[in-house]
Every structure is written in C-alpha cells, then in structure tokens.
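What follows is a single structure, written as structure tokens, with notes after it.
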Amino acid sequence: MHYESVRNAVEALRQRDAAFELFGALRHRYELNPRLSELEIAEFEDRYGIRLPDAYRHFLLNVGDGGAGPHYGVFRLGKMDDLDGEEKAWKEGKFVGSLRDCWPHRNAWNLPEEALTIPDGLSDEATEMAMDEINRRYWDEALVAGAFPICHHGCAYRDWLVVTGPEAGQVWHDARPDEKGLRPYESTDGRRLTFAEWYLDWLDGALRRFGLDHTVRLY
C-alpha cells in the first residue's frame, strides 16, 4: 500500500467533502488517528498471543490507528463502538472471542431459519426462554473467535478482521442483527478481500463519488 498516497487521498476527501455528505463522514470527519509505534503493536500482539495481519499492521504503523474509513470509520486497535457511539476497549469473552483460537468459518455462515424462529403458541415465559436461547447461540463469542471488530455500520452491524486461522487477514461482515449471519467481503471475481483491499475499496469509491483522482494502489 502506498501509505502517503492514502493519507493524501483522505486529506483530499476532507477538503472536497466539507459538508460530510459521504455516509459516516460526519463521525470520522476524514481524520486519521496518530500512527502506532512498533512497540505499541508488539505489546498488543504479546498480550493476546497473536500476530496481526501484515496489511493491517502496516496500516497502523504508516497510516494511522484507525479513523477515517468505511462507514463510521476504522476503530482504534483494541477498541470498538459503545452504546453511546464512543469507542471503548473490548475484552475477550465479552462479545469478542479468544483471538488465539482459529476463526471457525470457511464460508458464509448462518443458523438455519428454523433455529432462528420461535414456535407459535408458546406462553410468554416460554417465548422469552426461546428468545434467550436463540440469542445465546447466535451471539456466542466462539462464532467470532480469532477476530476482532474493526468498523461499524450503525444498528449493530460490524466488520471483523480475522487474525488467526486460514482466513487470517480477511475482513468479514457481521449481519447477525438482521439474522443474516456472517460473510466474507469478496471482489467481483469472488476473491476474499484483505484489510488493505477492503480499505482501498472504500477509498476509491469515495474518491470517485467526488470526482477526485482514484489511482491509489495497493503496493
């Protein structure tokens, strides 16, 4: 990734889209957070016993620790959205699974429709118990083990970066709030998108919208 060209492109968007018309821009305001040091990244990796995917790692070192990006922007390392819209530190075992464990999916995943459906004719108490069981299964941290959230779309839709397992480096979309499961981001030819490709896909689209040069390259 040509890091300086990415930073320049984000600055060009900030100047062109002064009214923050692009979705999510009013939140991130085209601002990139300060870059992280090698030591800060290594401390995070040591804490969780992982190695961050190279494209994301280089982004943190050379572009910024989140900020301007897809939807409402890229989270800071180790942070995610809170109910009030602010970023907070996430913890393994509370929404986020164990990062050391492998991401459990090889293809798009969802529970069968019948497993997400509450039978008719149940009492109020039984209906509540059935809903609790569905939520327990559907939001089990084990389903997102080996990944952490990097972005949210609003309404609890999020994107996850896989860090452990065969899919490490890929970005997956979490559509469970609409009962549509988890799916990988893919190019038009069906190839899985890495973090760099996911980010540049947003950047190129934003530049095109405002008639700006969109020749930012991956490498």
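The values are calculated or read from the model by the stated rules, or taken from the named source; none is laboratory data. Keep in mind that what you see is a predicted model, and the values were worked out from it rather than measured. Don't worry about glycine lacking a Cβ; one is built from the backbone with ideal geometry, like all the others, and counts go over all protein chains shown. When the accessible area is computed, the model is the full protein with side chains, heavy atoms only, and any ligands, DNA or RNA have been set aside. Shrake-Rupley method; radii C 1.70, N 1.55, O 1.52, S 1.80 Å.
At-a-glance table
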read-out: Filter result (under 14 Å from the mean Cα position of the chain (by Cα) and farther than 24 Å from residue 186 by Cβ) within the stretch 78-110; value: 78, 79, 81, 87, 90, 95
read-out: Long-range neighbours under 7 Å by Cβ, at least six apart or interchain, first residue within 15 Å of residue 75 (Cα to Cα) within the stretch 154-174, second of a type in the set (S, T, N, Q); value: 162/170
read-out: Complete set of residues in the stretch 152-188 that are hydroxyl-bearing (Ser, Thr, Tyr), touching a helix residue (DSSP H, G or I) at 6+ places or on another chain (Cβ under 7 Å) and open to solvent by 50 Å² or more (accessible area, probe 1.4 Å); value: 157
read-out: Among the residues listed as 142, 206, 196, the single one being open to solvent by 10 Å² or more (accessible area, probe 1.4 Å), in a helix (DSSP H, G or I) and either touching an Asp or Glu at 6+ places or on another chain (Cβ under 7 Å) or not aromatic (Phe, Trp, Tyr) (or both); value: 142
read-out: Inter-residue pairs, beta-carbon under 8 Å, first over 16 Å from residue 100 (Cα atoms) and in the stretch 123-152, second open to solvent by 10 Å² or more (accessible area, probe 1.4 Å) and of a type in the set (Asp, Glu), 6+ apart; value: 138/179; 152/81
read-out: Matching helices (runs of 4 or more DSSP H) fully within the stretch 1-77 where at least 1 residues are within 16 Å of the chain's Cα centre (by Cα); value: 25-28, 54-62
